[in-house]
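Structure, as structure tokens:
Read-outs: derived from the displayed coordinates by stated rules, not from any lab. These figures come from a predicted structure and were not determined experimentally. Cβ: placed from backbone, ideal geometry, glycine included. Neighbour counts: every protein chain shown.
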Ligand code: ADP
Ligand code: MG
């Protein structure tokens, strides 16, 4: 019982020990035409249709699919900023609302990088859920911020403005924020977009170092090679789940044709070329 109470007080929403880390059951979402992000079961733009899956603790999942496949919508549902028009989203057995254990890094285009805030303040924001809005950070909170920045090799950036950093550094700072938050489920929407290979590798090194903590990681990406080589399973999405399995089972010509359709060409009989381009979609700048 004490343990149960401790879980409620530390995470705000209790974890059911026998529930999967993440479970979606028959989830559908449709946006209303001109509705500025409003959804309705009868909306004109179907974003996700009858999506069901489970993710276990500590798994690393790549979410792939063409522009408009519903990747960002899926993440917003898991974080709880968007409600499904149909179906259920559960994190550790409860609806997403109130889970302090979820950390979400939105697509770059949705972040206002000119907002005047230092790196260490961004990471401290990860502590707000843990320490409450009306208490000043204590020594332990600042120690955690410092340790989190050290774990992503960004301690030297602590006093810089977040907008001054390179794309790779910014992504690492957001991982540090998730660490400071003591997150158990980390969602990153296209963190690799626009990064060169060394910066992508630096992110994977940091994610690898999280493995012993049992942090579950979902990453939306357009890079099928990285999705294949650096993740446990791959979800191929195009409004509905085309395939969700280990990469070799997902990356079949039939599955790719179903997901990418006109953006795919076969070459030389067995080779496949995708012409999908990264990161279009809706720009909502959040302050
Ligand atoms: P992805 O991240 O895979 O590119 P999104 O989740 O952003 O896909 O979009 C899924 C679908 O929902 C697309 O058809 C897109 O046009 C539509 N959509 C996304 N956001 C909105 C919005 N705010 N208003 C209307 N339609 C939207
Ligand atoms: Mg997106």
Packing-based ranking, highest mean first, of 87-95, 249-257 given that Cβ atoms within 10 Å are counted:
87-95, 249-257
Roughly what percent of Cα-Cα pairs across the range 132-263 reach past 19 Å?
57 percent
How long is the gain from residue 248 to residue 109 if the chain were fully straight, where each residue apart is worth 0.36 nm and the alpha carbon distance is subtracted?
46.9 nm
Subtract the Cα-Cα distance of residue 46 and residue 94 from 0.36 nm times their separation in residues, and report this length gain in nm to one decimal.
14.8 nm
